[in-house]
Structures are given as C-alpha cells and as structure tokens.
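The structure appears right after this line, and notes come after that.
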Amino acid sequence: MIEFPGTEQEVRQLERFLTATEKEAPSAELEELRTRALAHAERLSNAVSIGFAGEFGAGKSSLANMLAGADILPTGPQHLKLPLVIVAYAEAPETTVGWWNKEPKVYSGIALEKAAADNPDFISVGLNTPALQEISLFDLPGAGALDDTYKQTLELLDYVDCAIWCTNGTNAWRETERHLWSKVPQKLRDNSLLAVTHADLPPVRDALDRVVGRLNKEKDGMFRSVVPIGTPVAVKAMEQEPEPDFELWEICGGQNLAEQVLRLASDHRQHDLEAARKDLEQDFLPYLEEISGPEPVADVDAGGKAVHASLESALPPLDNPILEDWLAAIASIYNDLRESSEIEPAAFLQSCQEIVEDFAERLDSGAEIDPEAGWIPAEFEKATDLLLLLQFESGDAPLKDAISILAQLSDNLAWAGSTVASAPPRTGT
Ligand SMILES: Nc1nc2c(ncn2[C@@H]2O[C@H](COP(=O)(O)OP(=O)(O)OP(=O)(O)O)[C@@H](O)[C@H]2O)c(=O)[nH]1
Ligand SMILES: [Mg+2]
C-alpha cells in the first residue's frame, strides 16, 4: 500500500507565517520570503496533477477513466472534440468551463457536451472521489506530429506535475513521439511514465517482452519506467461482480500501472513537502521568532510543577469557563501521556500547539476575557509559533519549554477569564 504524505501541518505553518507577516513593514527580503511561502502553501494545498498525453487515439482518455474509476471522458474515434479536460475533486459533481483570459462558468453535474459547446480553453469535471483529493487527472487532446497540436501538447504539459505518455503498443514509441518528448523539460521527464497501451491485443501481447525490453534500454533520461497496459481488460477486471477479478487486474497490467502512478505522485508530493519543510526551518520560522520577540524566560526546571502550581492558583474555581476548558484540554494531553509511554516528543509538542492555536482563535473571536486583558490573545498567538519552533529541536529541553509555556498561559487565563479579577503581574510569553 502506498501512503500519500499528509501536508496539513506544513500548510498550517506556512499560513501562520503569511498571516503573521501580512502587516509587517515591507522589504525586499520579506517580499521574497512571502512569495516563496505562498508558492509552497499553494503547491501543498493542491492535488498532484498527472497529465495524460500522447498521439491521437493512443488510449489517454481510456487510461484516465480507468484510474478515476468512472466512465467520464469520451473515448473512441468518433468522440466529441474536447480541449484539455481536468478530472478533479469536488464535494458534488460539477463541470467548470474555463478560459485562460476570462471568468469560468460552472454547470452542476457532469455536462461535457454542454461545456464543449461554449468553446472553452479547458474543462474541469469535479467528482466526489476521495482519491482525487490527492491526485487530479489532466486528459490532454491528442498530439499530431507536425501540426499545432504538437505545440499545444507541450504548452499544456507545463501545467502538470507528472505525466504519462501513452504510446500504442501496435507501433510503440514512434520517431514523432520521441521528437516531441525530447522537447519536454527534463524535470517533467524525470516525473513521467511511458504507458504502452493495447497490450491486451494478441499481436502486441506476443511481442511485448521484446518491445518493453527495447523501450527500457531507451528510457534513461526520458521516463522513470515503461508500463504495459491493456486498459479495457483492466476496466473489465475491476467491474467484475461480486468482487473485482484481482488476478486479471494483475495480469493485464492494471495493478502495476496504478501502483506506479501512485508512487510517482506520492514521491512528487514528498519532494515538495521536504522543500517546504527546509524553508520553514531555515527561513520562515526563524523570521517568525524574530518578529514575535524572544523566547519565554521561564523556570525551565520547574517543568510539571509549574503547571501544577498554576492549577492550584486557579482554584478554587472562579467563574471562569474558558480557564476550565483550557485546563480540561491540558489534562487530556497529560492523560494521553500517562496512557502511552511511547508518545513521541514531536507528537506531544504538536498536541500542545494545536490546543494553544484553538484557544488563540477562540480568544480572538469571543468576549470571554476581561476587556483589560486585550493583550492575551497575542500571547497565545506567540505561544503557537514558539511551540511550532520547538518541534524542530531535539532532546528533552523543548518538552520542558512547552510545559512552561502552557503554565504561563494558564496563569494568563486564570486572571483574564475570571469575573473576579485578581490580576497577577503582566508577564509575557
Ligand atoms: N484493446 C485496447 N483498446 C484500447 C486500449 N486503450 C484504448 N483503447 C481503445 O482505443 C481507442 C482510443 O482510445 P482513447 O482512450 O479514446 O484514446 P485517446 O488517446 O484519448 O484519443 P484522443 O483523445 O482522440 O487523442 C478507443 O476505442 C479505446 O477503446 C487498450 O489498452 N487496449
Ligand atoms: Mg481522449
């Protein structure tokens, strides 16, 4: 099973950086950091796009349908003439008609024919298929050897992260295809597969080992791998009732192709994720730390005792609902810790950060604290950033720091959320 790496935490960190720096005095350095952070956030928030390209009738749409698990794209010689069609995730089925230079139009349901009549530059079909949250499919129009469609294919390939070049196994990897593919940027070629279609047809099947052997010798610098596939057979195997014919699915190449596509997309995502983490660690989070002020000067050794003391100082219960919720949230982390001796430091820090972040939002939106304590929501925001930073450090020290931060915030809430305002001195985090 290929795992698709999650991006939520990194996206949240990037958004935090972007929000926190929005109102900072502009400078060339900050501008460059923000542009970079925005690009990472966009990349990690979108599905990885896979382009299906190849000459006319090579089997692009059939293959995209197979992977989408739906008969969405028209196939065969007589089909409706379509521009680029994107199959992507949507809550409810919808069809978006798009142009490069004007506002799109949206129809509910799957309406390819109606969309094509608008003469768009591209059409996007939204389906409620969970896998499409990770991967979107770009079905390109067929490429001809010598006409404008050749240029159009190259232009559209600019929009995809990975590609599958479909070549018809009856006459695989012709000179015209090689010529077009040689113009594709190396970066995309490194993220592409060569799918040899029609592998189910007897003449292709009989010569398959020899053909794939030849293509494998040629593939270096061109494709990650060469994958034969008999698409209609793979579709039939998956449609078998009461359950798919897994043996047939494997024999016709469906299993291998699906695995290779998933691995391609997941490796691409991992690569983007690592690039974002590197920038967060080296640039964005240190910058945040700089503008959020120094780290808290807390009695680190006091550790859990500090929290204990703060709990005691919060009792007997005053009329302070936000503090009660806060203490319950912290108690739940301690319970998790007690129940599992193997809890990872990073997971503990992340739990702390999530709770602080939730309360920062709650404080921002509600009137739950003393009007005089308007500075406290900012303390929670700063603490969220600090807890993020601590996740990049090793050893026990970050855990102790995190506990001190929680203790400090408890003190703040004990004072600010109480209707009996017995104010302690205003110490910042
Ligand atoms: N036997 C067999 N037929 C296939 C295979 N792949 C596609 N076909 C058939 O080949 C024809 C063309 O397939 P499409 O999926 O429409 O090809 P396409 O590349 O999208 O074509 P254009 O969009 O017109 O360029 C259809 O009749 C498909 O049923 C395959 O692996 N095996
Ligand atoms: Mg097609």
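The values are calculated or read from the model by the stated rules, or taken from the named source; none is laboratory data. Computed from a prediction, not measured in an experiment: that's the story for all the values here. Here the Cβ is made from the backbone with ideal geometry for all residues, glycine too, and neighbour counts use every protein chain on show.
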Output the residues belonging to segment 216-236 that are buried (at least 21 other Cβ atoms within 10 Å of the Cβ) and away from ligand 2 (no atom under 16 Å from the Cβ). 223, 226, 227, 228, 230, 234
Which listed residue, of 103, 31, is part of a loop (DSSP other than H, G, I, E, B), out of contact with any Gly (no Cβ under 9 Å at 6 or more places or on another chain), farther than 23 Å from residue 132 by Cα and of a type outside the set (Lys, Arg): 103
Can you find, within segment 135-159, the residue that is farthest from residue 3 (Cα to Cα) among those that are hydrophobic (A, V, I, L, M, F, W, C) and part of a loop (DSSP other than H, G, I, E, B)? 146
Right, residue 132: under 30 Å from residue 3 (Cα atoms), more than 15 Å from ligand 1 (Cβ to nearest atom) and in a helix (DSSP H, G or I) or not? yes
Which residues, taken from segment 8-23, are over 17 Å from the mean Cα position of the chain (by Cα) and in a helix (DSSP H, G or I)? 17, 18, 19, 20
What pairs come out if I take residues in segment 228-250 that are over 20 Å from residue 207 (Cα atoms) and β-branched (Val, Ile, Thr) and pair them with residues that are within 11 Å of ligand 1 (Cβ to nearest atom) and in a helix (DSSP H, G or I) whose C-beta lies under 9 Å away, six or more apart or interchain? 235/62; 235/65; 235/66; 235/254
Return the total of residues in segment 11-53 being of a type in the set (Val, Ile, Thr), within 17 Å of residue 272 (Cα to Cα) and away from ligand 1 (no atom under 16 Å from the Cβ). 3
Return the residues of segment 178-188 that are loosely packed, with under 13 Cβ neighbours inside 10 Å and either over 25 Å from the mean Cα position of the chain (by Cα) or in contact (Cβ under 8 Å) with a residue 40 or more places away in the chain (or both); say none if nothing qualifies. 178, 179, 182, 183
Counting only residues in segment 160-177 that are in a helix (DSSP H, G or I) and either of a type in the set (A, V, I, L, M, F, W, C) or touching a helix residue (DSSP H, G or I) at 6+ places or on another chain (Cβ under 8 Å) (or both), the one farthest from residue 43 (Cα to Cα) is identified as 170
Considering segment 212-243 alone, what residues qualify as being more than 19 Å from residue 175 (Cα to Cα), in a helix (DSSP H, G or I) and among the small types (Gly, Ala, Ser)? 234, 237
Out of all the residues in segment 189-206, is one or more closer than 30 Å to residue 33 by Cα, without any contact (Cβ under 8 Å) to a residue 60 or more places away in the chain and surrounded by fewer than 16 Cβ atoms within 10 Å (Cβ to Cβ)? yes
Among residues of segment 59-81, those that are within 9 Å of ligand 2 (Cβ to nearest atom) and within 14 Å of residue 110 (Cα to Cα), counted: 2
When residue 77 is evaluated against the numbered criteria (1) outside any helix (DSSP H, G or I); (2) farther than 26 Å from residue 259 by Cα; (3) more than 16 Å from ligand 1 (Cβ to nearest atom), which criterion, by number, is the only one it fails? (3)
Counting only helices (runs of 4 or more DSSP H) wholly inside segment 258-358, the ones holding at least 3 residues that are outside the structural domain of residue 15 (by TED's automatic domain parsing), of a type in the set (A, V, I, L, M) and at pLDDT 80 or above are 321-339
